[in-house]
Every structure is written in structure tokens, then in C-alpha cells.
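The values are calculated or read from the model by the stated rules, or taken from the named source; none is laboratory data. Treat the numbers as computed from the prediction; the structure is a model and nothing was measured. Neighbour counts are summed over all protein chains in view; Cβ atoms, including those assigned to glycine, are modelled from backbone coordinates with ideal geometry.
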């Protein structure tokens with residue numbers, strides 16, 4: 001069983017469309033995250049939820065909306081996609097938000113045409 | 001926020017060689033991790049090491065928290081070690097992992 005799984009692995013879409021990425025973890029962790037990795041491989045946190053509560057909300061366009069229906073799931077919805085949204089989006093989880101070991105999903109590569 | 005610097009940015013080795021990757025950080029930390037991003041893009045946990053020394057096979061890591069650096073040692077490198085190695089930290093006054101820019105390692109056969 002994959003510890004942190006996200007779907008889909010690949011998305012190719014047109015500018016202006018809306019898309020969602022889903023993430024699930026079976027590690028029993030309390031905290032989940034979305035990270036964005038750009039073309040230069042830089043990893044930057046976008047959002048973090050602790051037990052369904054939003055605790056980190058970086059400077060991200062409000063076209064990006066995370067949702068955590070329960071502590072094992074964290075989804076990311078993106079409205080009105082732009083070319084600059086093309087990136088790899090990683091879901092991750094940890095037991096504790098500051099001191100816990102972070103585990104990543106396999107990533108979802110988004111390409112906006 | 002905390003600054004994380006990794007060196008060298010790029011490293012090319014012949015199979016069998018040893019290497020040391022360095023991570024400097026600008027503040028005290030209570031979380032430090034090393035990750036390997038393989039050529040397929042997967043981010044693999046190597047070490048959770050806010051202080052001390054750990055070993056796992058050919059890899060080992062040491063964090064000297066008082067001097068604000070961590071080292072990742074790779075011995076007898078293999079082509080499968082190729083990829084990007086990231087260091088990430090949480091400062092004692094911070095709330096999230098901050099990543100360095102990574103070291104791109106290429107191991108040639």
C-alpha cells in the first residue's frame with residue numbers, strides 16, 4: 001500500500017479550465033501539505049492542514065483552493081488555470097507539523113497549454 | 001525566515017567514488033531532513049536528522065546543530081544514486097519545512 005497517494009499523476013489541460021488533484025495518506029498522520037515544484041526543481045509549500053484545519057496558507061493565488069474532508073485526505077482545486085501554473089504538485093504528510101518527518105506522494109505533473 | 005544553502009549545486013562522479021554534500025542553515029532547527037529526488041521525480045526520505053549521526057547502508061548523515069550545518073555522505077556511489085538531493089529544515093521559530101535548492105548528482109558508469 002502506498003503511504004501517500006495522489007491522483008492523477010499527469011494532467012494536461014487548456015488555459016482557463018478548472019482541475020482537481022486528490023491526495024490520501026494511510027499513515028495516520030495529523031498534518032497534510034501541498035507543495036509546488038517549479039521547473040528549476042525548487043520546492044515551495046502552498047498549504048498545510050492539521051486535523052482538517054488550515055494552518056499554513058502561503059501567498060498563493062486564490063484560484064487555488066485546498067479542501068480537507070478528513071485528516072486522511074487533502075484535495076487541491078485550481079480554477080481558471082494559467083500557463084504559469086504548470087508544475088509538479090506534491091502532497092505530503094507528517095505526524096506533527098513542525099517536528100514530524102515528512103513523507104511525499106509521487107507528485108502530479110500539471111501542464112497547462 | 002530561515003535560509004538554507006546547499007553545496008555544491010552540481011556534482012558529477014564516476015561510479016565507485018565517494019562524495020559529501022553540505023547543507024548550511026541560518027538559525028537553530030528542530031527538524032532537518034534529507035531527501036533524494038530520483039530521475040523519475042519521486043521524493044524519497046533519506047534521513048530525519050535534526051542532530052547527531054545516522055547511517056543507512058552506503059549513506060550516512062551528520063548534523064552539527066550548534067554550528068548550523070548538516071552533511072550527507074555517499075560512499076561507493078552507484079548510477080542509481082543520481083538525482084537531486086534536498087536538505088529541508090524547520091527553524092525553532094518556524095512552522096514549516098524550508099527546502100534548499102538541492103544538489104544535482106550525476107553518477108556515470
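Selection of the stretch A:69-93 for residues being modelled with pLDDT under 95 and within 30 Å of residue B:50 (Cβ to Cβ) yields A:70, A:71. Comparison of B:70, B:93, B:76 shows that the only residue that is in a loop (DSSP other than H, G, I, E, B) and either within 14 Å of chain A (Cβ to nearest Cβ) or within 11 Å of the chain's Cα centre (by Cα) (or both) is B:93. Only strands (runs of 3 or more DSSP E) whose full extent lies in the stretch A:1-93 are considered here, and the ones with at least 3 residues that are more than 20 Å from residue B:44 (Cβ to Cβ) are A:10-13, A:19-25, A:43-50, A:53-57, A:64-70, A:73-78. Looking only at the stretch B:22-38, decide whether some residue is within 13 Å of chain A (Cβ to nearest Cβ), touching a residue at least 40 places away in the same chain (Cβ under 8 Å) and surrounded by fewer than 13 Cβ atoms within 10 Å (Cβ to Cβ). Taking every residue of the stretch B:22-38 in turn, none turns out to be within 13 Å of chain A (Cβ to nearest Cβ), touching a residue at least 40 places away in the same chain (Cβ under 8 Å) and surrounded by fewer than 13 Cβ atoms within 10 Å (Cβ to Cβ). Candidates in the stretch A:56-99 are the residues that are touching a residue at least 60 places away in the same chain (Cβ under 8 Å), within 14 Å of chain B (Cβ to nearest Cβ) and surrounded by fewer than 19 Cβ atoms within 10 Å (Cβ to Cβ); of these, the one that is nearest to residue A:2 (Cα to Cα) is A:95.
The residue list B:32, B:13 contains one member that is within 16 Å of residue B:77 (Cβ to Cβ) and in a strand (DSSP E or B), which is B:13.
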